[in-house]
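Contents: one structure, followed by commentary.
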C-alpha cells in the first residue's frame, strides 16, 4: 500500500456462526446469551484522527461485505471468535488491505494472532492505534506489534 494522508478505516466486530447476520440471513437472530459491546470499536473510532473516514460493522447486526472500499481494517476479538477473526483477516489481506487485530486475544496470544494480521495492537488502543495510522499514512506499512506506551488512570 502506498503512503496516504486520507484513509478509509473499517472496524469489525466478528460474530459467531449461529448469530452472525449475513446476506442469506439478514435478520438478527434471537439469542439467550450475553452480547458483547462494541465499546472497543467506538473507542478506536474516536481515537482515529478526523482526516480519516471510519465505518464500524458489527456482524451481530449487519452483514460484512468483503468488497467494502477501505484501506485499513481493524478487527477486535476475543479467543472464542479468533477463528472468525482470522477468516476475516485472510479475506481482506487477499484483497490487499492492511489488517490490524486488537482486543483480549491478540493481547494475550500475540504470537498466534500475529500469524493472521499485518499488525497487532496489544493492550489498550490509546496511543498505539494512532501510531498504526501514522505509520500507514507515512510509509504504507506498519510495525507487526504495537503496545500502548500510555497507562490508563483508573
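Is it fair to say residue 62 is at pLDDT 95 or above and surrounded by fewer than 17 Cβ atoms within 10 Å (Cβ to Cβ)? Taking the combined requirement at face value, the residue does not satisfy it. Listed by first and then second residue, the pairs with beta-carbon distance under 9 Å, at least 6 apart or on different chains, first residue in segment 133-154 and over 16 Å from residue 110 (Cα atoms), second buried (at least 17 other Cβ atoms within 10 Å of the Cβ) and at pLDDT below 85, are 133/142; 135/142; 135/146; 136/142. Determine whether segment 84-97 contains at least one residue that is buried (at least 23 other Cβ atoms within 10 Å of the Cβ), within 11 Å of residue 144 (Cα to Cα) and touching a strand residue (DSSP E or B) at 6+ places or on another chain (Cβ under 8 Å). Among the residues of segment 84-97, not one is buried (at least 23 other Cβ atoms within 10 Å of the Cβ), within 11 Å of residue 144 (Cα to Cα) and touching a strand residue (DSSP E or B) at 6+ places or on another chain (Cβ under 8 Å), which makes the answer no. No other residue among 68, 48 is surrounded by fewer than 17 Cβ atoms within 10 Å (Cβ to Cβ), closer than 12 Å to residue 9 by Cβ and touching a residue at least 40 places away in the same chain (Cβ under 8 Å) apart from 68. Comparison of 108, 77, 39, 81 shows that the only residue that is farther than 15 Å from residue 8 by Cβ and touching a helix residue (DSSP H, G or I) at 6+ places or on another chain (Cβ under 6 Å) is 77. Close contacts from segment 102-127, counting a first residue that is at positive phi and assigned to a loop (DSSP other than H, G, I, E, B) and a second that is at pLDDT below 95 and surrounded by fewer than 24 Cβ atoms within 10 Å (Cβ to Cβ), with Cβ to Cβ under 8 Å and a gap of 6+ residues or different chains, come to 103/40; 103/78; 123/107; 123/147; 123/148; 127/148; 127/149; 127/150. Residues in segment 48-83 that are assigned to a strand (DSSP E or B) and either farther than 21 Å from residue 129 by Cα or over 14 Å from the mean Cα position of the chain (by Cα) (or both): 53 alone.
The values are calculated or read from the model by the stated rules, or taken from the named source; none is laboratory data. All figures in this text were calculated on a predicted structure; none of them were measured in a lab. Neighbour counts are summed over all protein chains in view; Cβ atoms, including those assigned to glycine, are modelled from backbone coordinates with ideal geometry.
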